[in-house]
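Asks: Would you mind keeping the following structure in view while I ask a few things?
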Amino acid sequence: MSKLEIKNLKAKIGDKEILKGLDLALEEGKVHVIMGPNGAGKSTLSKAIVGHYDINVTDGKIIFKGKDITNEEPEIRALEGLFLSFQHPVEIPGVNNAYFLRTAVNAKRRYEGKEELNAAEFLREMREIAKEIGLKPELLNRSLNVGFSGGEKKRNEVLQMMMLKPDVIILDEIDSGLDIDALKDVSKGINKLRDGKRSFLIITHYSRILDYVKPDYIHILMDGKVVKTAGPELVEKLEKEGYSSFEEK
Amino acid sequence: MRVDILNALDSNGILKECKASSLKKHIANRLYEVKIPTKKSEKYRYFDIEDFTSKDLEVVSTSKDKFKQQGKSLVIEDGEVVSAPEGVEVEIGEFLDVDNDHFDGLYYLNHLLTQNAIILRVKRDISFNIKHIFNKEEVFLNYRVVIFIDANSFVEIYESIEANSKDSQILSGYDIFLSRDANLKFFKNQTLNENSSLPIFTNYFKVDSNATFKYGTFDFAKSSGLNLFKSELHSNSSFNAMHLLFTTSEIKAGTISEIVHLDKSSKSNQMAKNILTNGSRGIFDALIRVTKAAKYTSAHQNSKAILLDSKSYMASKPQLEIYIDELEASHGSTTGQLDENALFYLRSRGINKAEAVKMLILAFANEAIEFVDNKEIANHIYVDFEKAYYGSSDIECIKTCHECEDMILGS
């Protein structure tokens, strides 16, 4: 059964149509990878799934755990279990990183009918995870992403992901700008969340992260549509032949 | 007394009307030149100054010179000193050494109406509070505080207001003389209750060579009010100002200032942050002047405003007036809504829109409150901000500081 199903999705940014009838289904517990050239619509797809204000969905449906969430507010999508790790996480001066994360975690727990975490429970879990993924403890008490390096921002996204425990995780170029150590730490976090139920959608230009996070499916996105879906062996073909071999003749 | 009638008088007439001694003739001369502000005065254009100047109210001024000297607070109730802090010399006496080049007519009026100023002499390192209490109804309350800070002293002052009266007008302010190598931190919490009396504070600061002045004003007001100051900077001195304004009702409030670099290598940095809602008006009219003698100066000024509704308005006018080339200077002003990207990021983590908006507003204010490096004072200000914003304060330790983490975890 698919966790997330996208049917004939058409979306615009401003007047420009970027997604032109995209179909995609994420299977439960599987790692799906979207690859495609610049401008193919990869980031637009990730934003459309989480309800970004820039994206105007003009047709099609996004079905998440059997519910149509095409027109849902972004926070409802998140509370239902969708998570987007941003390509460029925003810096928010004055919002304390730990306070923000505790607010988010407790919002989700309330939504799920669970008791909120108290300060001690929250801090203990947050510190443990931060240590595991190599996020410096002092960054937990700083303003959200402010002055963080590229790698620290991505580690912070992984921390949020691990604390919020979503059902579907979309990683938009999580590997961009990461050195090898950061890439390993981030991959470690992702692999820890692979529990056979949680689904992943990794959006990437490069196959580098796939050395550490083993994918189940590769999708090629060209000009707003998925043009090819296959197993991990597709990466090898892509490396050899480039995207031009997938262009519609 | 209606203060606007003074504009029709010459300096002798002003002296007589203000019942001031002839020793204050130079002050009356200056008021005659500068005039009581009207709605046409550029600096008061966005403030309804005529509400202040056109009412006929009895003038009440400082007279009592007996008070207790104990604890660490200067308490001024309706212009009279009730108690004074230990470790500070306090006298009630005539003060004539005013700034002869102040931009504000009300500064001179305040001096003319003040027969006896509250004069503080600080000769050692000390931290104390100043609390103003306004109780008297329907009066024109006028008093002035003069503070001399000796060389090499390190002084911290926290000022707050308890405004209980409704229909009075308050004209007050400070003349602060910061001697060489002195260091002053002055944090003013100007928050007023709803329908409070209307206060205008008009100040003069002299920052002598190598002295450092850190000046923070915080106003989470439900009533109109203004804070004006002129700050003169001498060689190698530094003036660092932060102004945070958060308004929750249809009022007019803000800062009008002039910072004057008089000598070389002086530094100023002024930042105003404004959050306006419910049809309120924020005012930031601030000039930095760098004179010919002030080479190698650094002068920076910025104003940021967030408007939370379409009826609110920010009158922001940062200005630089520069007469030399050898300096580093900048100024800017932005007025807008909340950052949509930031708002979306928070919502994408499951935080609902209303809560995310609150977090961003608190964050905007936090940046200004973090200017206060004394945690106890910063907490007072934070609590007042939360009360103004949420209607109550519910500070959890994790919101305001993180030193408690180790305590919570027992590690």
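Asks: Conditions first: (1) outside any helix (DSSP H, G or I); (2) facing chain B (nearest Cβ under 8 Å); (3) open to solvent by less than 50 Å² (accessible area, probe 1.4 Å). A:L79 passes all but one, so which condition is the exception?
Replies: Failing condition for A:L79: (1).
Asks: Please specify each residue of the range B:211-228 satisfying the condition of being buried (at least 21 other Cβ atoms within 10 Å of the Cβ), within 18 Å of B:L198 (Cβ to Cβ) and touching a helix residue (DSSP H, G or I) at 6+ places or on another chain (Cβ under 9 Å).
Replies: B:F220, B:A221, B:S224, B:L226, B:L228, listed by residue number.
Asks: So for the range B:311-321 (the condition being surrounded by 17 or more Cβ atoms within 10 Å (Cβ to Cβ), polar (S, T, N, Q) and more than 8 Å from chain A (Cβ to nearest Cβ)), does at least one residue qualify?
Replies: Yes, the range B:311-321 contains at least one residue that is surrounded by 17 or more Cβ atoms within 10 Å (Cβ to Cβ), polar (S, T, N, Q) and more than 8 Å from chain A (Cβ to nearest Cβ).
Asks: Take the residues in the range A:97-107 that are open to solvent by 20 Å² or more (accessible area, probe 1.4 Å) and of a type outside the set (V, I, T); name whichever of them is nearest to A:E75 (Cα to Cα).
Replies: The first filter runs over the range A:97-107 and keeps only residues open to solvent by 20 Å² or more (accessible area, probe 1.4 Å), leaving A:99, A:102-103.
After this cut, where a residue has to be of a type outside the set (V, I, T) as well, the list is A:99, A:102.
Details: A:Y99: 17, A:R102: 15 Å.
Looking at the filtered set, the residue picked out is A:R102.
Asks: Also, I was wondering about something else. Pairs under 7 Å by beta carbon, first residue among the basic types (K, R) in the range B:11-25, partner not in a helix (DSSP H, G or I), six or more apart or different chains?
Replies: Sorted first by the residue in the range B:11-25, then by its partner, the pairs are B:K24/B:L96.
Asks: What is the number of the single condition among (1) under 30 Å from A:K114 (Cβ atoms); (2) open to solvent by less than 10 Å² (accessible area, probe 1.4 Å); (3) modelled with pLDDT of 95 or more that A:L22 does not meet?
Replies: Every listed condition holds for A:L22 apart from (1).
Asks: While we're looking at this one, here's another question. Got at least one residue in the range B:146-158 being touching a strand residue (DSSP E or B) at 6+ places or on another chain (Cβ under 8 Å), touching a residue at least 60 places away in the same chain (Cβ under 8 Å) and surrounded by fewer than 23 Cβ atoms within 10 Å (Cβ to Cβ)?
Replies: The answer is yes; a qualifying residue exists.
Asks: Hey, can you tell me all the residues within the range A:85-109 that are among the polar types (S, T, N, Q) and not in a helix (DSSP H, G or I)? Quick ask: steps written out before the conclusion?
Replies: Here is the first cut: in the range A:85-109, the ones among the polar types (S, T, N, Q) are A:85, A:87, A:96-97, A:103, A:106.
Across the range A:85-109, the qualifying residues are A:S85, A:Q87, A:N96.
Asks: Limited to the range B:261-292, what total is found for residues that are farther than 30 Å from B:E386 by Cα and either within 17 Å of the chain's Cα centre (by Cα) or among the charged types (D, E, K, R) (or both)?
Replies: So the first thing to find is which residues in the range B:261-292 are farther than 30 Å from B:E386 by Cα, and the list is B:261-267, B:287-292.
Keeping just the survivors that are either within 17 Å of the chain's Cα centre (by Cα) or among the charged types (D, E, K, R) (or both) gives B:263-264, B:267, B:287-289, B:292.
Matching residues across the range B:261-292 total 7.
Asks: So, one more: Among B:I259, B:I306, B:I275, which is the only one that is over 29 Å from B:Y108 (Cα atoms), open to solvent by less than 30 Å² (accessible area, probe 1.4 Å), part of a strand (DSSP E or B) and without any contact (Cβ under 8 Å) to a residue 60 or more places away in the chain?
Replies: Numbers: B:I259 fails: over 29 Å from B:Y108 (Cα atoms); B:I275 fails: without any contact (Cβ under 8 Å) to a residue 60 or more places away in the chain.
Result: B:I306 is the single residue among B:I259, B:I306, B:I275 that is over 29 Å from B:Y108 (Cα atoms), open to solvent by less than 30 Å² (accessible area, probe 1.4 Å), part of a strand (DSSP E or B) and without any contact (Cβ under 8 Å) to a residue 60 or more places away in the chain.
Asks: Answer with yes or no whether B:F239 is farther than 16 Å from B:Y313 by Cα, assigned by TED's automatic domain parsing to the domain that holds B:S316, touching a helix residue (DSSP H, G or I) at 6+ places or on another chain (Cβ under 6 Å) and surrounded by 24 or more Cβ atoms within 10 Å (Cβ to Cβ). Spell out the reasoning first.
Replies: Numbers: farther than 16 Å from B:Y313 by Cα: yes; assigned by TED's automatic domain parsing to the domain that holds B:S316: yes; touching a helix residue (DSSP H, G or I) at 6+ places or on another chain (Cβ under 6 Å): no; surrounded by 24 or more Cβ atoms within 10 Å (Cβ to Cβ): yes.
No: the conditions fail for B:F239.
Asks: For residues that are in contact with a Lys or Arg (Cβ under 9 Å, 6 or more places away or on another chain) and open to solvent by 10 Å² or more (accessible area, probe 1.4 Å), scanning just the range A:59-73, find the one that is nearest to the other protein chains (Cβ to nearest Cβ).
Replies: Looking only at the range A:59-73, we keep the residues that are in contact with a Lys or Arg (Cβ under 9 Å, 6 or more places away or on another chain), and these are A:59-65, A:68-70, A:73.
Retained after the next criterion (residues that are open to solvent by 10 Å² or more (accessible area, probe 1.4 Å)): A:59-61, A:63, A:65, A:68, A:70, A:73.
Details: A:D59: 23, A:G60: 21, A:K61: 20, A:I63: 19, A:K65: 15, A:D68: 19, A:T70: 16, A:E73: 7 Å.
That would be A:E73.
Asks: Mind listing just one residue for me: the one in the range A:25-58 that is among the small types (G, A, S) and without any contact (Cβ under 8 Å) to a residue 24 or more places away in the chain and, of those, surrounded by the most Cβ atoms within 10 Å (Cβ to Cβ)?
Replies: Going residue by residue through the range A:25-58, those that are among the small types (G, A, S) are A:25, A:29, A:36, A:39-41, A:43, A:46, A:48, A:51.
Those left that are additionally without any contact (Cβ under 8 Å) to a residue 24 or more places away in the chain: A:25, A:39.
Values: A:A25: 19, A:G39: 12.
Only one residue tops the list, namely A:A25.
Asks: Can you tell me which residue in the range B:362-386 is farthest from A:E157 (Cα to Cα), limited to those that are facing another protein chain (nearest Cβ under 9 Å) and free of Cβ contacts under 8 Å to residues at least 60 places away in the same chain?
Replies: Step by step, filter the range B:362-386, then rank; the result is B:E370.
Asks: Follow-up question, since we're still on this one. Residues that are out of contact with any helix residue (DSSP H, G or I) (no Cβ under 9 Å at 6 or more places or on another chain), closer than 19 Å to B:L74 by Cβ and of a type outside the set (A, V, I, L, M, F, W, C): list the strands (runs of 3 or more DSSP E) wholly contained in the range B:156-203 that include at least 1 such residues. Don't jump to the end; show me each part of the working.
Replies: Working: elements: B:169-172, B:174-178, B:183-189.
Strands (runs of 3 or more DSSP E) meeting the threshold: B:174-178, B:183-189.
Asks: Out of the range A:1-47, which residues are more than 28 Å from A:E239 (Cβ to Cβ) and outside any strand (DSSP E or B)?
Replies: Within the range A:1-47, A:M1, A:G14, A:D15, A:E28 qualify.
Asks: Can you report the number of residues in the range A:90-121 which are at the interface with chain B (Cβ under 8 Å from one of its Cβ atoms), at pLDDT below 95 and in contact with a Lys or Arg (Cβ under 7 Å, 6 or more places away or on another chain)?
Replies: Of the residues in the range A:90-121, 1 are at the interface with chain B (Cβ under 8 Å from one of its Cβ atoms), at pLDDT below 95 and in contact with a Lys or Arg (Cβ under 7 Å, 6 or more places away or on another chain).
One line per residue, one yes/no per condition, for (1) over 18 Å from A:N38 (Cα atoms); (2) open to solvent by less than 30 Å² (accessible area, probe 1.4 Å):
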| position | (1), (2) |
| --- | --- |
| A:I203 | no, yes |
| A:S207 | no, yes |
| A:L221 | no, yes |
| A:E236 | yes, no |
| A:S244 | no, no |
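Asks: Within the range B:346-361, is there a residue that is within 13 Å of another protein chain (Cβ to nearest Cβ), open to solvent by 60 Å² or more (accessible area, probe 1.4 Å) and assigned to a strand (DSSP E or B)?
Replies: No: the range B:346-361 contains no residue that is within 13 Å of another protein chain (Cβ to nearest Cβ), open to solvent by 60 Å² or more (accessible area, probe 1.4 Å) and assigned to a strand (DSSP E or B).
The values are calculated or read from the model by the stated rules, or taken from the named source; none is laboratory data. Given the structure is predicted, the values throughout are model-derived calculations rather than measurements. Backbone-built Cβ (ideal geometry, glycine too); neighbour counts: all protein chains shown. Note: accessible area is taken over every heavy atom of the protein model, side chains too, but ligands, DNA and RNA are not part of it. Shrake-Rupley method; radii C 1.70, N 1.55, O 1.52, S 1.80 Å.
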